[in-house]
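What follows is one structure encoded as structure tokens, with my remarks underneath.
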């Protein structure tokens, strides 16, 4: 153990846990990290990073409408998320307009709509929580909901693992043996909508795609095996969630940003390691 | 309990029907106005090995994709063992051109080959010991056992082609559609693939092979189908002379 005069590591670690809001927040951050990292592997491998970011942003009007009407915020967000997921799936099926263009149009419009609705209210305070997350405001009920959604997402990923994996690297073989690749893609978008909604409390609308992409991208540099990549990504995300929250507690900086930047630091280390490994191999 | 990817998985083939019967087939790519294939007809008897030849853009790949059920015909019919396309997915194996696969994906060679078993497993079932044994046998047959744990992108072009053929073998398909399996591969791969194809023929399997390798066609294939501009052309020795040089 590290023993510097006047500094006790154990105390330092335990101090934040004396507060129940910190315990709940920490649990939420860990759960969200695991969910985002597992699904994030597909987001990275299937090059869906832009869609993930778009889905997170389009949830905003749903959140605002739910807030203004005193409905359940999760309900508003998940409705907006699923509508967007279906919309993206529908647009990309027709193939007349390029998918990334369509997403760019829809996602900025939805985000603008959210901001427009926000500006009708005098106080912006609650909305900054939506934009940047408010992990210390996570309630017991929120935590339960996050756990249920997480269990659902992970179970679906496990049950459909071989089909999701196959359609990701060879959709042609999948189609020849009778798997409907479009429907699986749709399923992934719906899972993405649920995942994004859970992470909004933790890092907010704007930074959600970092939790989806960064840990998985770091893991992809470390391993060449999909389940292992999901596991490594989850470990990175959990570490970042815990470390970010402690940094936020002791230095009084925004927790969502601290978590994201810890993820980024992990990615930096993984990237540097892979560069060095390639140099050595050569 | 089995949840097949396609409800028609169990359809029995019609007895006495040829392995493949294509009649007056017209196919266009989705969104394109002009068809790539115009009224192509052909028949493959069970247990034959047939070459599909023609210049680039003549419609070879499109024909194979239509038979594999990847493109929907505008007109005409395709019967596989007497059944419509999709009536017997597990009986048809399609080997795409290598460029159609994301080789950077984090899976190893064994897992790629295992995907040949999926059609027999269906939803929610995990591969069992027997499936993995078939995979290992196929890897050995194609000389890939030492590379089984490699990430698929770390293979050479020829090794990748052999891995795809191994996947078709574990699928235990009766009709194999191979798109340019011999293009850009090493001599070892060419020899291995030839041996495997010989063996398949002896076991009564049917194969249709799009190829540029037109030398010694007559003794390697039972029949030769030539395409040009999406139409069927009579095969002449000119094809050999023209293309073998290039």
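The values are calculated or read from the model by the stated rules, or taken from the named source; none is laboratory data. Everything numeric here is computed off the predicted structure, so don't read it as measured data. Here Cβ is always computed from backbone atoms with ideal geometry, including for glycine, and neighbour counts include all displayed protein chains.
Filtered by the rule that a residue be away from chain A (no Cβ under 11 Å) and within 16 Å of the chain's Cα centre (by Cα), the range B:106-135 gives a lone residue, B:113.
Can you confirm whether residue A:155 is without any contact (Cβ under 8 Å) to a residue 12 or more places away in the chain, closer than 17 Å to residue B:124 by Cβ and surrounded by fewer than 20 Cβ atoms within 10 Å (Cβ to Cβ)? Please lay out each step first, then the result.
Details: without any contact (Cβ under 8 Å) to a residue 12 or more places away in the chain: yes; closer than 17 Å to residue B:124 by Cβ: yes; surrounded by fewer than 20 Cβ atoms within 10 Å (Cβ to Cβ): yes.
Yes.
Counted as qualifying within the range A:161-239 are the helices (runs of 4 or more DSSP H) with 3 or more residues that are within 14 Å of chain B (Cβ to nearest Cβ) and under 17 Å from residue A:47 (Cα atoms), namely A:161-169, A:181-222. When B:173, B:138 are checked against the criterion of being part of a loop (DSSP other than H, G, I, E, B), buried (at least 21 other Cβ atoms within 10 Å of the Cβ) and more than 9 Å from chain A (Cβ to nearest Cβ), a single residue qualifies: B:173. Residue pairs whose Cβ atoms lie under 8 Å apart, sitting 6 or more positions apart in sequence or on different chains, and linking a residue in the range B:1-28 that is within 24 Å of residue B:52 (Cβ to Cβ) to a partner that is modelled with pLDDT under 75, are B:13/B:88.
Take the conditions more than 14 Å from chain A (Cβ to nearest Cβ), surrounded by 15 or more Cβ atoms within 10 Å (Cβ to Cβ) and in contact with a helix residue (DSSP H, G or I) (Cβ under 8 Å, 6 or more places away or on another chain) and apply them to residue B:48. Does it pass? Even if it seems obvious, please write down each step before you answer.
Values: more than 14 Å from chain A (Cβ to nearest Cβ): yes; surrounded by 15 or more Cβ atoms within 10 Å (Cβ to Cβ): yes; in contact with a helix residue (DSSP H, G or I) (Cβ under 8 Å, 6 or more places away or on another chain): yes.
Spelling it out, residue B:48 is indeed more than 14 Å from chain A (Cβ to nearest Cβ), surrounded by 15 or more Cβ atoms within 10 Å (Cβ to Cβ) and in contact with a helix residue (DSSP H, G or I) (Cβ under 8 Å, 6 or more places away or on another chain).
Of all the numbered requirements in (1) touching a helix residue (DSSP H, G or I) at 6+ places or on another chain (Cβ under 7 Å); (2) surrounded by 12 or more Cβ atoms within 10 Å (Cβ to Cβ), residue A:140 misses one, and that requirement is (2). The selection criterion, being in a helix (DSSP H, G or I), touching a residue at least 12 places away in the same chain (Cβ under 8 Å), away from chain B (no Cβ under 12 Å) and closer than 25 Å to residue A:37 by Cβ, holds for residue A:131. May I ask you to verify whether residue A:49 is more than 14 Å from every other protein chain (Cβ to nearest Cβ), surrounded by 22 or more Cβ atoms within 10 Å (Cβ to Cβ) and either in contact with a helix residue (DSSP H, G or I) (Cβ under 6 Å, 6 or more places away or on another chain) or farther than 30 Å from residue A:228 by Cβ (or both)? When the stated conditions are applied, residue A:49 does not pass them.
When each of B:55, B:30, B:18 is tested for being surrounded by fewer than 22 Cβ atoms within 10 Å (Cβ to Cβ) and within 12 Å of chain A (Cβ to nearest Cβ), the lone residue that passes is B:30. Looking at this structure, is residue B:67 under 19 Å from the mean Cα position of the chain (by Cα), within 14 Å of another protein chain (Cβ to nearest Cβ), in contact (Cβ under 8 Å) with a residue 12 or more places away in the chain and part of a strand (DSSP E or B)? No, not satisfied.
Looking across the range B:15-48, the residues that are under 21 Å from residue B:207 (Cβ atoms), in contact with a strand residue (DSSP E or B) (Cβ under 8 Å, 6 or more places away or on another chain) and not in a strand (DSSP E or B) come down to B:17, B:18, B:19, B:45, B:46, B:47, B:48.
Applying the condition of being more than 18 Å from residue B:180 (Cβ to Cβ) and at the interface with chain A (Cβ under 8 Å from one of its Cβ atoms) to the range B:93-105 and asking which residue is surrounded by the most Cβ atoms within 10 Å (Cβ to Cβ) yields B:105. Which residues, counting only those in the range A:139-160, are in a helix (DSSP H, G or I) and at the interface with chain B (Cβ under 9 Å from one of its Cβ atoms)? Within the range A:139-160, just A:159 meets the criteria.
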